[in-house]
There are 2 protein chains.
Amino acid sequence: MAKNLVGVRGSFFDFVDDPWKFIGQEEKSARFYSDGLLVTENGIIRDFGPFEKVSQKYPNLHFTHIKNRLILPGFIDGHVHVPQTRVIGSFGEQLLGWLQQWIFPEEMKYKDRSYAREGARQCLDNLLAAGTTTCQAYTTSFAVSTEEFFEEASRRNMLVVGGLTGIDRFAPDEYIDTAQNFQRDTARLIKTYHRTGRNIYAITPRFALGASHDLMVACQNLKREFPDAWVHTHISENPSEITQLKQFHQCNDYLSVYEKYDLVGKKFTGGHGVYLSDDEFRRIAKADAAITFCPCSNFFLGSGMFRLGRATDPEHRIRLTFGTDVGAGNRFSMINVLDEAYKVGMCNNTMLDGSIDPRNQNLPEAERNKLSPYRAFYSLTLGGAHGLYLDDRIGNFEVGKEADFVVLDWAAGQRAIAWHESLLVGANGPQTMDEAAQLLFSIMILGDDRNVDETWIMAERVYQKTVSEQTASARK
Amino acid sequence: MAKNLVGVRGSFFDFVDDPWKFIGQEEKSARFYSDGLLVTENGIIRDFGPFEKVSQKYPNLHFTHIKNRLILPGFIDGHVHVPQTRVIGSFGEQLLGWLQQWIFPEEMKYKDRSYAREGARQCLDNLLAAGTTTCQAYTTSFAVSTEEFFEEASRRNMLVVGGLTGIDRFAPDEYIDTAQNFQRDTARLIKTYHRTGRNIYAITPRFALGASHDLMVACQNLKREFPDAWVHTHISENPSEITQLKQFHQCNDYLSVYEKYDLVGKKFTGGHGVYLSDDEFRRIAKADAAITFCPCSNFFLGSGMFRLGRATDPEHRIRLTFGTDVGAGNRFSMINVLDEAYKVGMCNNTMLDGSIDPRNQNLPEAERNKLSPYRAFYSLTLGGAHGLYLDDRIGNFEVGKEADFVVLDWAAGQRAIAWHESLLVGANGPQTMDEAAQLLFSIMILGDDRNVDETWIMAERVYQKTVSEQTASARK
């Protein structure tokens with residue numbers, strides 16, 4: 001028997017296809033083993049299936065038996081700002097004012113290597129405690145913060161995407177850098193970190209409003225020189241931003257700026273996309289690029305409501321990740337992101353049912369806006385991996401993939417969850433896929449990071465919650 | 001020295017006025033003692049002030065010293081459905097479909113007394129665990145459920161408002177009841193429960209769309225017969241509901257139905273009010289009636305976004321409570337309600353800054369939409385008490401009031417909160433009102449029910465969280 005074989009037995013839930021393809025029968029996109037066995041070798045999945053069947057092939061395997069839990073592929077956060085960890089949830093401003101008042105002053109501290117290291121540690125540990133095993137991250141305009149991010153991620157063996165975050169206007173002088181320096185530093189960092197260990201490098205112009213023509217050209221040059229590098233930026237987040245952007249770059253829409261510099265294609269992600277037009281959705285779909293939906297952030301800054309049902313229109317279905325967008329997103333947990341994503345869909349649907357303006361009625365789009373547990377957890381796992389062009393490596397329990405996963409305790413969270421769930425499943429936990437899906441819905445709507453019991457990276461447990469909670473009521 | 005004297009020492013934060021009156025200097029509405037002493041006698045506040053000063057008057061007082069916590073008046077939930085406790089967060093429908101698919105079938109179970117008792121217990125214990133000491137509650141159309149609600153609240157010594165919930169149309173036949181029976185049962189229940197112990201009775205027509213002319217007349221008769229009774233109902237929650245309502249009751253706006261039957265006045269609360277016109281706001285203000293803002297619910301059902309800045313317009317400032325609206329609201333914690341309320345304000349402001357349509361620019365309204373920690377926690381305490389006409393009894397630590405309060409641990413909640421708060425205060429906790437307010441903002445945006453450490457009713461501790469949480473990271 002091979003060395004480093006690790007077995008985990010438990011109830012597994014993952015996805016094999018896109019649930020938006022199966023309207024009315026979303027369960028066809030999913031896979032559930034109430035008693036399953038995952039076998040890994042050196043962190044890579046070697047076998048997976050019903051315990052009874054798989055265990056016969058490994059008679060001497062020692063395995064960890066995880067009971068009364070649901071095991072899912074690790075969550076993927078498509079959009080997080082490492083250096084905003086400490087100023088998460090800052091008061092009172094919309095995007096552009098918030099950047100100036102709260103964000104740039106904090107990010108400035110990341111030119112100091114030890115502060116940058118502490119920030120990366122805090123951020124990554126917050127992610128692991130939330131069940132997030134992969135993120136696509138912004139750092140700052142200081143190379144040390146990018147270095148420390150990759151170093152700390154490597155220390156945790158996390159598969160991450162990140163990059164030096166370029167901005168040469170629309171920020172304090174001490175924060176911005178020149179296009180030339182950005183190109184030089186990015187080239188060096190790509191050579192040092194891209195595909196070293198589990199690191200993936202993204203050429204990262206912060207956003208087009210913060211990028212001069214020269215900085216955009218630098219990005220274009222970099223993508224030409226390093227075609228395997230990812231590209232990560234913001235797009236169409238806030239109305240004021242869009243107005244200023246159009247004026248500054250003399251463009252008709254937000255996407256066209258990135259198109260102009262040949263950045264929109266495979267491995268491109270634009271964060272937010274709240275105000276994308278149908279035409280932009282079509283061009284993104286055609287380019288096989290991705291958008292990250294960040295509902296906590298879009299609510300917190302009041303940016304607006306992403307049109308999920310339009311992004312998933314089969315006529316121009318785009319690649320999608322979901323993201324926290326910490327620090328504008330106020331929760332590190334992707335479970336909380338699902339709560340808010342569900343609400344965005346429901347709010348959009350009050351327009352789409354035609355009750356306010358009959359001209360806006362669009363029932364197929366409204367159907368696609370409904371974030372079922374299948375669509376929701378697909379988006380955090382296989383869908384997120386697909387959005388990031390990492391579905392050959394992570395996102396589900398296919399043999400050959402890297403074994404990052406999360407162990408969910410469906411009964412954790414606010415006190416109300418237990419009695420609610422007693423309606424859904426018996427004392428032995430979910431026996432069918434439908435029961436498991438209903439529990440996943442209660443986790444996303446009633447739960448939060450408390451539902452994450454364990455987080456595993458490459459078949460090794462790197463986070464374990466140890467909580468003993470008793471609630472006492474003196475009068476009963 | 002009098003008997004039953006209870007002393008509590010700690011950091012106290014409460015309100016003496018409405019922070020919306022003090023634009024730019026909201027701290028004038030609040031009061032903070034970093035080292036305070038609260039002295040109660042038989043549950044009533046007898047003295048309150050700085051420890052050094054007050055303690056001299058009570059040399060032999062034994063007191064509980066609560067360290068590293070913020071003590072606030074107990075939270076007030078202006079709108080909760082007891083019989084929806086178990087179906088909290090049910091999937092996929094907007095208001096009218098959600099009622100039919102999920103809610104009425106569950107509420108039907110409450111005709112059984114023992115189920116009704118279990119539901120009341122679960123609901124009230126969830127509230128206490130969330131720091132909520134007073135609620136205004138719906139029961140069902142079955143008198144037993146109203147009885148069990150008051151019995152269980154009395155057992156916990158909670159000050160509650162509630163009533164038999166009348167509906168004679170727009171629900172399954174087995175659920176509705178006649179106007180005649182509703183009037184008879186309500187009259188009996190008022191005589192039994194109103195002002196018995198800490199109970200307050202509210203004449204409760206569920207909503208005008210579920211009430212025939214006869215049922216509305218029954219409510220009118222009841223209010224005439226029992227002018228001291230409260231009135232509680234829903235108003236203007238969802239566009240489809242409003243369209244159907246106008247047709248059914250042949251009215252120009254939602255409020256006019258309740259006005260027609262003489263219900264709108266002091267002690268009247270309408271839940272939601274998402275689509276209230278300026279004219280309706282004016283009439284509500286003139287009548288000195290109240291609206292409950294339920295942001296979790298309004299997002300969850302996609303109902304829409306309450307215009308907080310308009311409700312607080314000094315030209316027609318209405319009384320306001322905030323509410324969970326469980327089970328359409330998906331969190332029992334008023335802290336989560338504040339998170340969503342903040343987001344509603346911010347989303348509204350993207351319209352009001354004029355960046356989408358310059359005609360909508362309204363900066364004073366936008367300013368009032370910003371839910372600062374002062375406005376937020378005022379709304380859960382003194383503001384909520386004012387909205388419910390209970391500010392003579394609860395809402396702050398004034399001498400003579402009933403001592404319901406909550407003990408907040410600012411460092412609980414998601415892992416990210418600790419490092420964030422290290423920016424705001426030193427290791428000794430908040431020394432100034434501004435520091436305390438900043439901590440309150442991080443609780444409402446980053447926290448949840450975990451921040452509620454203890455809940456006290458009439459100077460007696462009825463809930464205490466006992467959590468020992470260690471997070472372990474195998475790799476560091």
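The values are calculated or read from the model by the stated rules, or taken from the named source; none is laboratory data. Because the structure is predicted, anything quoted here is derived from the model rather than measured. Glycine also receives a Cβ, built like all others from the backbone with ideal geometry; neighbour counts cover every protein chain displayed.
Before we move on, is residue B:157 surrounded by fewer than 24 Cβ atoms within 10 Å (Cβ to Cβ), within 19 Å of the chain's Cα centre (by Cα) and not assigned by TED's automatic domain parsing to the domain that holds residue B:458?
Working: surrounded by fewer than 24 Cβ atoms within 10 Å (Cβ to Cβ): yes; within 19 Å of the chain's Cα centre (by Cα): yes; not assigned by TED's automatic domain parsing to the domain that holds residue B:458: yes.
Here the answer is yes, as residue B:157 does meet what is asked.
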Out of the residues in segment A:61-94 that are among the hydrophobic types (A, V, I, L, M, F, W, C) and within 11 Å of another protein chain (Cβ to nearest Cβ), which is farthest from residue A:135 (Cα to Cα)?
A:91
Exactly one condition in (1) more than 14 Å from every other protein chain (Cβ to nearest Cβ); (2) closer than 23 Å to residue B:364 by Cα; (3) aromatic (Phe, Trp, Tyr) is not met by residue B:258; state its number.
(2)
Report yes if residue A:341 is closer than 30 Å to residue A:285 by Cβ, surrounded by fewer than 24 Cβ atoms within 10 Å (Cβ to Cβ), aliphatic (A, V, I, L, M) and not assigned by TED's automatic domain parsing to the domain that holds residue A:15, otherwise no.
no
Please verify whether segment B:107-114 includes one or more residues that are closer than 30 Å to residue B:428 by Cβ and out of contact with any helix residue (DSSP H, G or I) (no Cβ under 8 Å at 6 or more places or on another chain).
no
Could you list all residues from segment B:210-222 that are in contact (Cβ under 8 Å) with a residue 40 or more places away in the chain and either assigned to a helix (DSSP H, G or I) or among the β-branched types (Val, Ile, Thr) (or both)?
B:210, B:214, B:215, B:216, B:217, B:218, B:219, B:220
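Answer with yes or no whether residue A:394 is more than 9 Å from chain B (Cβ to nearest Cβ), touching a residue at least 60 places away in the same chain (Cβ under 8 Å), closer than 27 Å to residue A:198 by Cβ and surrounded by 24 or more Cβ atoms within 10 Å (Cβ to Cβ). Spell out how you get there, then give the answer.
Details: more than 9 Å from chain B (Cβ to nearest Cβ): yes; touching a residue at least 60 places away in the same chain (Cβ under 8 Å): yes; closer than 27 Å to residue A:198 by Cβ: yes; surrounded by 24 or more Cβ atoms within 10 Å (Cβ to Cβ): yes.
Here the answer is yes, as residue A:394 does meet what is asked.
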Log entry, pairs with first residue in segment A:143-157 being of a type in the set (Val, Ile, Thr), second being crowded, with 18+ Cβ neighbours inside 10 Å, beta carbons closer than 7 Å, six or more apart or on different chains, reads A:144/A:116; A:146/A:139; A:146/A:162; A:146/A:163; A:146/A:164; A:146/A:189
List the helices (runs of 4 or more DSSP H) inside segment B:365-476, counting only whole elements, that have at least 3 residues being in the same structural domain as residue B:311 (by TED's automatic domain parsing) and of a type in the set (A, V, I, L, M, F, W, C).
B:373-380
Count, please, the residues in segment A:352-387 that happen to be within 14 Å of residue A:437 (Cβ to Cβ) and at the interface with chain B (Cβ under 10 Å from one of its Cβ atoms).
4
Among the residues of segment A:269-292, what is the count of those that are over 11 Å from residue A:311 (Cα atoms) and among the hydrophobic types (A, V, I, L, M, F, W, C)?
2
Taking the conditions exactly as written (closer than 27 Å to residue A:306 by Cβ, assigned by TED's automatic domain parsing to the domain that holds residue A:344 and in contact with a helix residue (DSSP H, G or I) (Cβ under 7 Å, 6 or more places away or on another chain)), does residue A:362 satisfy them or not?
yes
State all residues of segment B:325-340 that are over 13 Å from residue A:416 (Cα atoms) and within 11 Å of chain A (Cβ to nearest Cβ); if no residue qualifies, say none.
B:328, B:335, B:336, B:339, B:340
